[in-house]
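Report on one structure; see the data block that follows.
What follows draws every value from the coordinates through simple rules; no lab data is involved. Note that the structure is a prediction, hence the values are computed from the model and not measured. Using ideal geometry, Cβ is built from the backbone for each residue, glycine included, and neighbour counts are taken over all protein chains shown.
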Amino acid sequence: MAPTASIKSTKKRKAAAVEDAPAETSFPQEVGLDLGSEGEEDGVEGDDEDDGEVDEFPEIDAGSDSEEEVEESEDEDEEEEEEEEEDSEDITDVDDDIRPFPISKTVISDITGQPKRVYPEIEPDYDSDSSTEDAPNRVGNVPMHWYDDLPHVGYDMNGKKVLRPARGDELDKFLETVEDPNSWISAFDKTAQADKPLTPEELDLIRRLQEGENPDASYDPYEPTVEWFTGKGKEEVMPLSSAPEPKRRWVPSKWEKQKVMKIVRAIRAGRIVPNKPKSEKPQFYSVWNDEPSTHPAPLPAPKPRLPSHAESYNPPEEYLPTEEEKKQWEETEKEDRDRDFLPQKHSALRLVPAYNQFIQERFGRQLDLYMAPRIQRKKLQIDPNSLIPKLPSPASLKPFPVYKSLSVSHQKGRVRTVGISPDGSWAVSGDESGVVSLWEVIVGREVKRWKFDGKIGAVEWCPRMDVSFFVVAIEDHLHFVVPPNLHPTVLSATLAVLSPATLPPQPDTPSPVKWTSVAAASYSADKPLLSIALPPSSGVPKQVTWHRRGDYLATVSGGEGQGGVWIHQISRRHSQAPFKKVKGVVQLVLFHPTKAHFFVATQRYIRIYNLAEQKLLKTLLAGIRWISSMDVHPMGDHLIVGGYDRKLCWFDLELSDKPYKVLRYHTRAVRSVHFHPTYPLFASSSDDGTIQIFHARVFNDLMTDPLIVPLKILRGHEVKEGLGVLQAKWCPRQPWLGKLSTVKGGMADPAKWSHCASDAA
Amino acid sequence: MGRLRKKGEAGAAKAYVTRSAAIKKLQCSLADFRRLCILKGIFPREPRHKKRANKGSSAPTSFYYAKDIAYLAHEPVLQKLRDHKAFAKKLARALGRGEWSSAKSLEDHKPTYRLDHIVKERYPTFIDAVRDIDDALCMIFLFASLPSDGKVSASLVENCARLAAEWQLYVMHTRSLRKVFLSIKGVYYQAEVLDQTVTWLVPYQFTQSIPSDVDVRVMLTFLELYQTLLGFVFFKLYTDAGLVYPPPLDAKKDESAAGIGAFSLQDARAISQQSDSAQNQTTNTAGPDGKRVSSKNVRQTIKSIQASSADDVDVEMENSEPSPADADEEEFVPHASSSNPAESADLPTLQSLSTLPQSSSAKLFAPYTFWLSRETSRPIFEFLVRSFGGKIGWPVTSGSGSPVEASDDSITHVIIDRPLVVKEDETDEERDRRQRRKYVQPQWVVDCINAGKILLEDLYAQGKTLPPHLSPFEAREDAYDPTANVDAGGAVSIEEDDEAEDAEDAMDEDDETPEHAALKAAANAQDDAALRAAELEAEAAGVDFGSFEKAAKKATTKTKQKAISQEETAEEDMNKMMMSNKQRKLYERMKHSQKKRDQERTTLESKRRTIEKEKVKKNRGSQS
């Protein structure tokens, strides 16, 4: 085939070099395959080595083609009209409906000797125009699935149904592909609903697309350029713009020159060497030979923990996990495990398998190294017990109460308050049912009992030694009661104080507080000698506190109005409210033991006022949510404050308005705190049923901090209804403690601590 | 009043930056940032107040010191990474356009970075570097055993293997191995180099594959740094020891799986002498007496040099590996070689100081020759035995280069790890050989090293149940010690057990008898009244007064002691309330950890007790 093509091509070249283009297009039309054209094309280009490509084509076609071609080549000498005729016949044979126009041909005219375009002649018979000949189906461009369910696929020109051609099953299709030599170049035609072989034009188009050529066969990418403006006589004479030509067009660039010269100089000096081999620094050298920098080295990463016995391949048997431990280990999350492996025992080294987590663990270590924040922690190598402060032993700080010596009880009602006489031999207690009992401290005998109506808020003994009476605070009233069996001189002095013969003059402005007293002559121990009626609806006074001299006493009532704080002066029979307005609810008040200062505790703050100058001195921040109790050291420089949130604060008044020490040792709310008047002791009682005794030594030297030593925890109180020890008071002259609780007390040796408490359970 | 301070302009807000802010500032990708952090050793910090550092937000983020990031911004490697990004773009463009020549020239000028300065920065002194090579060694040994694949290139694995071999050579040469531990994870080695303990873990010889949940890129970045670091460290170590770095690799030996044996240590001075002599020769027109020097003489002089400098250089190694000095010894000229050794012998150099005679345990295996059985791991035991001065041989199946043959008479120990099998057809010669040699299991070697002395071989003989292998690294004082309790604590515990058992027995059997009940009552009596009641009861039950009194006394002393101790604890408890909050928390934490450790110990002890009891029972059973 190839030789024939080449022969033909050479002949053709002899005939006319220009002729090859139309020949290329015309030949394939004869056979419906483009192999002729291809071979010819190759031949034309002088490329005879494409035998393989040519051989690829099916033999049958090739044979027929070559025959025809041979014929054609033999007929080459014949007239061209014949050839043209043949061509036109071919066109009709193929019934090409793609090309609307007949293909032209360029031939050299015999007459002029110039190439001319010749079109095939059209025979004027019915089928001559291929463009009008058409597919029988005239259904148009409609979706063909409309005919899916119908026996026909459309209508022909006469309106007759075009029946759907028979389509075989898959097997038929397959057989067709095997038998029909054209099946590989046929495609499904939608309008005909059948496989139609592709036309040579279509095949040519496909080939061109495959090879990435221009799909248009007639496009010539190598057309000679047409010089419109270059060449002799074609130059533009007139300039396009009237602007003068810029200098840069004809003056060489200075900067370019400088740049070039720079490079030239560098080359001359040997600084630039083309294709210079890279100067290789040795890969390793002694980096550490020169001076180390003065910067401190970054902290080295912590080293991983060294393996323990458990990690051994042959550990002691006790390290092997039991079944439960194994299960527990497997159930815990990987992060929560205290060990990342399960100990195993292998009888020989050769039986040890590979560790399957090895790379993960290495990777985890690396993640730790670059992603985990590091904190430097100091490791303390100390005995934890050395952290406990070394305090003097309690045994060296005696005396202090160590056990319960005495316990007395009220019949009924909750004992709220206790007062102890300044000589320490009498105690008086009041309960919620209105009963006030007088007790002899050493024996614990009840000497007398008074009955008031309403709950007893506070009972407080007057601190004066020459007189002897106590105040009982009930709803809106204060009653001054003189105990029985007094020494006559004391009794007369007491009577003179409480109901003097000549009353002091009434103040000018009428006071809401009324003082009423029984005449000294009609004195009886059963009745209060003097009563003060507080303004109505001021409630039960929460607290009664005496000034050290015993002339003034302050009360705090829970009711509203002027903070409920009143200061009463017995000698003048006068009461005054020191504060017009107080921020917050006043919880407690206290007189300073030595100065004219007055402590007022609201829920959170403690304010110190100077009564003489009538101004605020200091506000102490206890940091307690709710202050429950407060006491001032007999020296007057220290204050302890207890709170319902279990804290106890020690304030050094000279030092700061913040606590010097905050202790939190009670498990429940602190109910009361009290400094011993003479011994360096203080006690705190709490709802957890305990009383804690502290040694509290205060130094005159300002530099030495007060020494606080916990001495003893007194237990043994039953906690009832959430209430423990409600108040604890010291006996003024002995290291004894009087306390009150909701619980029945016991009794023991009075030498150590006495215990005047009672209860009605 | 001072000026009002704006929020977020000082303090934690300025001192810390979040990771995303850092990346934004450095203008690099997250991957590059990670790489930089790994290379430069920068890690996130935990600010004390996260909210303040994060400008009010409490979202979980990782923070870095702003100064660290500023320091990263000046990093040359960062610049190189940026250059590389530009390079990659240019190259892709050139390739896409098919501009091959420009692509080639681009490729020739590909930006590469070096890590020398980072090594110097991170480890300003050599000691710092040696202190920190643990992780590097672990990684190198791991990657040396990995199969190469698409992620891990073959050259990387080869380089890791080379570094690993170099380290082992150095450790063997300087005899600095101290402790070994065969764990289930691998073999832990501990060496002492320049007074720094270096611990590394080598996996057992199995094919590892990188699991999918591990990010290989991170590991490779670490490895990049570690390779550089180890290269510099080894260079310094080798040169300080007077050796040539890198040690030349014999390719032929390496191919025949000689392992460490493929490398040969070279004395740096021998090399320098050689070059000196070569120079001399070029200057002196080889005189007639220069030819007369025999190769033997030269070898002797070299040996004397080496002996003077490092008196315990591996003898075996020198014999087995012909140093290149031997190769062209013919050319030696006497003047040069005779002048140099005198100099070097007189100068007390660093290397002669560093190779001062070590403790005797460093030459633990010096008098012995070992033979490795086929099933034992050659790399492990070759390294162990040779670092303690022993000589070792192995069958050809474990690799080539064995200095001794199996039939060698000098072999004293055979390290064997298979059950004992009686060989039927044994020749006399074989039997004789077998009787002369000691067959030990591999654990013997390791235990000897950890004990620092040669242990009795009988316990470790072939086929015997091995004694437990203990970690030489367990250092905590109060930790459970499995060895100590064997003699002292064990007896006590057994006695206690007996007591307990007796008590149990009493509980089981005699609970009904009134005497015991009475005695028990006496023991339990708290105060006088109860005691009296107990006495009466005892009398009624018929217990004689003596025994009753004894029991009562015992009980009272016990209660007294208890009371005293209680008082003390109560006092202490009271003192605790005077501790500050900080101290109390610290105290509680310490107590907690102490308690945990104690509990751990007690569980181990109790387990052991039960195990021992079972053993005793079993023994009894077998005896009867």
Trypsin sites (Lys or Arg not before Pro) restricted to DSSP loop in the range B:528-624 with at most 13 other C-beta within 10 Å: none
Whole-Å distance, taken between Cα centres, linking the range A:550-610 and the range A:401-463: 25
Suppose the chain between A:Val518 and A:Lys254 were pulled fully straight at 0.36 nm per residue; how much longer would it get relative to their current alpha carbon spacing? 82.4 nm
Spin-label model distance (nm) - A:Arg365 vs B:Glu405, 7 Å beyond Cα toward Cβ: 4.3
Which stretch or stretches of the range A:640-677 have amide N atoms under 19 Å from the point lying 7 Å from A:Asn610's Cα along the Cα→Cβ direction? A:653-657
Considering only C-alpha atoms, what is the centroid distance from the range A:134-172 to the range B:76-118, in Å? 64
Please compute the contact order of the range A:296-396 in relative form: average sequence separation of alpha-carbon pairs under 8 Å and at least six residues apart, divided by the residue count, as a percent. 24
Between B:Lys453 and B:Lys25, what is the label-point separation in nm under the 7 Å Cα-to-beta-carbon projection? 6.1
Where the only charges are on Cβ atoms (+1 Lys, Arg; -1 Asp, Glu), what is the dipole of the range B:116-262 about its Cα centre, to the nearest 20 debye? 300
Could you work out, residue by residue across B:195-203, how many beta carbons of other chains sit within 10 Å of that residue's beta carbon, and then give the average as an integer? 2
Order of A:550-556, B:119-125 by packing, highest average Cβ count within 10 Å first? A:550-556, B:119-125
Listed residue (B:Thr112, B:Phe33, B:Tyr16) projecting farthest to the positive dipole end of the range B:1-138, Cβ model: B:Tyr16
Hits in the range A:161-182: amide N under 14 Å from the 7 Å Cα→Cβ extension of A:Met144, namely A:162-168
Run the numbers on the range B:12-74 and let me know its relative contact order in percent, using alpha-carbon pairs under 8 Å that are six or more apart. 53
Taking the Cα-to-Cβ direction at B:Gln561 and at B:Leu95 and moving 7 Å from each Cα, how far apart do the two end points lie in nm? 8.4
Report ³J(HN,Hα) in whole Hz for each residue of the range A:695-708, in order, from the Karplus equation J = 6.51 cos²θ - 1.76 cosθ + 1.60 where θ = phi - 60°; Gly and Pro get x. 8, 10, 9, 10, 9, 6, 5, 6, 6, 8, 6, x, 9, 10
Sorting A:Asp216, B:Asp425, B:Asp447, B:Asp254 on the 10 Å Cβ count, fewest up front, what's the list? B:Asp425, A:Asp216, B:Asp254, B:Asp447
Dipole check, the range A:403-741, charges on Cβ (K,R +1; D,E -1), about Cα centroid: among A:His695, A:Val544, A:Cys731 the Cα furthest to the positive pole belongs to A:His695
Of A:Gly457, A:Ile359, A:Ser396, which is farthest along the charge dipole of the range A:356-503 in the positive direction, counting Lys and Arg as +1 and Asp and Glu as -1 at C-beta? A:Ile359
I'd like the FRET efficiency for B:Glu158 and A:Ser286, computed as 1/(1 + (r/R0)^6) with the beta carbon distance as r and R0 of 35 Å, rounded to 0.05. 0.90
Using the Karplus curve 6.51 cos²θ - 1.76 cosθ + 1.60 with θ = phi - 60°, work out ³J(HN,Hα) for each residue of the range B:428-434 in order, rounded to whole Hz, and write x for Gly and Pro. 4, 4, 5, 5, 4, 5, 4
Starting from 0.36 nm per residue, how many nanometres of slack lie between A:Trp228 and A:Glu335 once their C-alpha separation is accounted for? 30.2 nm
How long is the gain from B:Ala70 to B:Ser212 if the chain were fully straight, where each residue apart is worth 0.36 nm and the alpha carbon distance is subtracted? 47.6 nm
Could you line up A:His597, B:His469 from fewest to most neighbouring Cβ atoms inside 10 Å? A:His597, B:His469
What is the distance in Å between the Cα centroid of the range A:248-307 and that of the range B:547-588? 75
Interchain or sequence-distant (5+) residues whose placed amide H lies within less than 5 Å of the amide H of B:Asp250 are B:Phe263, B:Ser264
Karplus couplings for the range B:409-424 from phi (6.51 cos²θ - 1.76 cosθ + 1.60, θ = phi - 60°), rounded to Hz, Gly and Pro as x? 7, 6, 5, 9, 10, 10, 8, 9, 10, 10, x, 6, 10, 7, 8, 6
Cut-off is 10 Å between beta-carbons; in what order do A:Met630, A:Met635 appear when sorted fewest neighbours first? A:Met635, A:Met630
For the range B:360-460, what is the charge dipole size about the Cα centre, in debye to the nearest 20, if Lys and Arg each add +1 at the Cβ and Asp and Glu each add -1 at the Cβ? 480
What is the dipole size for the range B:12-74, taken about its Cα centre, with +1 at each Lys and Arg Cβ and -1 at each Asp and Glu Cβ, in debye to the nearest 20? 220
With r defined as the distance between the Cβ atoms of A:Leu702 and A:Lys583 and R0 fixed at 35 Å, what FRET efficiency is calculated, to the nearest 0.05? 0.65
